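Notes for the one structure printed next.
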Amino acid sequence: SVRNQYVATLCVNFGTIGYGMAIGWTSSSLPILQSDESPLPTGSIDDEQASWIGGSLCIGGLLGTILTGWSLEILGRKKTALTLAIPQILSIFSIMFAQNFYYLTASRFLSGYGGGGVMVVIPIFIAEISEDRIRGQLSSAMVFSCNIGVLTTFIFGHFLTYSQITWGLLPVPIIYFIGTLFLPETPAFLMKKNLIEQSENALRFYRTKRRNSFDSIQFKEELMKLQTGFKETKEDFSGPQVTLSDFGTKHAAKSFTIGLALIALNQFCGIFAMMNYTASIFAESGSNLSPTICAIIVGFIGLLGSYCSAVLVDRSGRKVLLSLSAGGTCLGLAIFGGYAYVKYLQYDIESFRWIPLTSFSFTIFISSWGVMTLPFVVISEILPQKIKSLVTTILMTFLWIFSFIAIKYLSLLFMVFGMHGTMFLFSTCSLLGMIFILLFLPETKGKNFDEIRKIFEK
């Protein structure tokens, strides 16, 4: 039975929902903070301060990624996940008691720390507890959950006051902590530590098997693969001793290159950066709907797209969805850019004001199929077991560096290139990503870690 795998995925992804709500908070709250009705005692914030509020999320994410990657092998997957509820809760209190811009910057830093951590630990946690046949589906739930958080905060932004939005954020990290507290550690981590009996018990829990029940052949085979898998990678069960030579293998080099390219595509397609400023983008584009309504529609579309990804990923495969997603993102951004260029030339666009919402919604939907969801699935599958934690940390570090560049300088790109030029730039990045995927990404659908290793070692 896969019941406990779904339950565990739900519990840990409350952390991702909290992170998604932190992302959506920027779009919902920045227009208020920059207005004359700013709730801060010091008054409204300027564009430079707003960019730092957005960018500090990424700086926190960078630190959270590095420290989480270190603690994964020291504390384990579960305990590391539990610690990440603390910065999420502290970030919410920083907003509640904010007196000036610096409180909000600190809050975003803490949100980023928690978000960076969950983006490292959750893909590894889910990959290590799930069966091969549903691994892609469960891994896709991470970005689906993030989109739930984003949409929730967009809805809060339309119907609630600034202070009410903040109180609405608080229950999620508390639920995350309590739910994760009752889960066992992953069988793979326990096996690494030579805790063989505990590893077997954890595997029984995640396969919903009682201790005295008859063990199926499939369960025995999975347990045997778990034991022999670490022996084949020559890991010391008291803790893997990673050396420089481990990074020089074909498997390590190829998987790292692919992972880095997918991370770059994830950020430089521009979707994540623009999600932080959704309401402002629609206000600037001249859409005939209110910015907050547009943001809610886009958030719902993103949620629908990530749901489709979770349903299709173990049917259609990673490569197909990623290439279609990158191509569709390229097209959607190009259409939005074309509209913005016509507006820039001051042509009459009154009858075309539906284009920004339609094209951006399409872009969010199609990017949520693959570009925004599947890089984390693929990375959790293709990296060698011995260096998975370390390399995942390195890749997530690059993710936050790329993310900081994209978010911090998005407003500068709009100033220098205009909205149309910025959209065309992101569209080109998506096109290059599609070409890379078609040429270099192997399909991993339905394959176990040993089969994936053999593909990369050819």
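Each reported figure results from applying straightforward, stated rules to the coordinates on display, with no laboratory input. Note that this is a predicted model, so its numbers are computed, not measured. Reconstructed Cβ throughout: ideal geometry from the backbone, glycine too, with neighbour counts over all protein chains shown.
Counting beta carbons within 10 Å around each of Cys269, Cys146, Cys429, Cys330 and listing the fewest first gives the order Cys429, Cys330, Cys269, Cys146.
Let me have the relative contact order for segment 1-183, percent, based on Cα pairs under 8 Å that are six or more residues apart. Walk me through the numbers on the way to the answer.
Working: 271 pairs, mean separation 74.2, N = 183.
Computed value for segment 1-183: 41 percent relative contact order.
Over all distinct Cα pairs, what is the inverse of the mean 1/r for segment 356-424, reported as the Kirkwood hydrodynamic radius in Å? Walk me through the intermediate numbers first.
On the way: mean 1/r = 0.0693 Å⁻¹.
Value: 14.4 Å, from the Cα pair sum.
The residue among Pro31, Gly15, Gly168 whose Cα reaches farthest toward the positive pole of the charge dipole of the chain, with charges on the beta-carbon of Lys, Arg, Asp and Glu, is Gly15. Once the chain from Thr257 to Leu195 is taken as fully extended at 0.36 nm per residue, the excess over their C-alpha distance is 19.0 nm.
Just rank Lys220, Lys343, fewest to most, by other beta-carbon atoms within 10 angstrom.
Working: Lys220 10, Lys343 21.
Fewest-to-most ranking of Lys220, Lys343: Lys220, Lys343.
The angle between the Cα long axis of helix 388-408 and the main principal axis of the chain comes to about 0°, on a 0 to 90 degree scale.
Estimated at 0.36 nm per residue, the fully extended path between Trp167 and Arg315 surpasses their Cα-Cα distance by 49.3 nm.
Roughly speaking, what is the centre-to-centre gap between segment 51-78 and segment 251-320 when only Cα atoms are used, to the nearest Å? Their Cα centres are 21 Å away from one another. Cross-linked pairs Lys193/Lys250; Lys79/Lys319; Lys254/Lys386; Lys79/Lys225; Lys79/Lys193; Lys193/Lys458: Cα-Cα separations exceed 23 Å for Lys193/Lys250; Lys79/Lys319; Lys79/Lys225; Lys193/Lys458. Computed over segment 344-458, the Cα gyration tensor eigenvalues convert (square root of 5λ each) into semi-axes of 36, 17, 12 Å, ordered from largest to smallest. For chymotrypsin sites (Phe, Trp or Tyr not before Pro), the sites in segment 306-364 that DSSP calls loop and that have at most 13 other Cβ atoms within 10 Å are Tyr347, Trp354.
Once fully extended, how much extra length lies between Thr243 and Ile175, figured as 0.36 nm per residue of separation less the alpha-carbon to alpha-carbon distance?
Numbers: separation 68, 0.36 × 68 = 24.48 nm, distance 3.89 nm.
Difference between extended and current length: 20.6 nm.
Mind checking the log10 I(q)/I(0) for segment 1-66 at q = 0.13, 0.16, 0.26, 0.29 Å⁻¹? Debye, one equal scatterer per Cα, no solvent, two decimals. Computed log10 I(q)/I(0) values: -0.53, -0.69, -1.10, -1.18. Modelled this way, with points 7 Å down the Cα-to-C-beta line, the labels at Leu425 and Ser44 are 2.6 nm from one another.
If only the Cβ of Lys and Arg carry +1 and only the Cβ of Asp and Glu carry -1, the dipole of the chain around its Cα centre is close to 1400 debye.
Quick one, what does Rg over Rh come out to for segment 1-183 if you take C-alpha atoms and the Kirkwood Rh? Kindly include the intermediate steps, with their values, before the conclusion.
On the way: Rg = 16.6 Å, Rh = 16.5 Å.
Rounded to two decimals, Rg/Rh equals 1.01.
Output needed for the chain: three equivalent-ellipsoid semi-axes, defined as square roots of 5 times the C-alpha gyration tensor eigenvalues, in descending order, whole Å.
Working: eigenvalues 289, 123, 71 Å².
Its equivalent ellipsoid spans semi-axes of 38, 25, 19 Å.
Which value in Å does the Kirkwood hydrodynamic radius of segment 247-457 take, with 1/r averaged over all unlike C-alpha pairs and then inverted?
17.8
Taken along the Cα-to-beta-carbon direction at a fixed 7 Å, the label points for Phe159 and Met96 span 2.2 nm.
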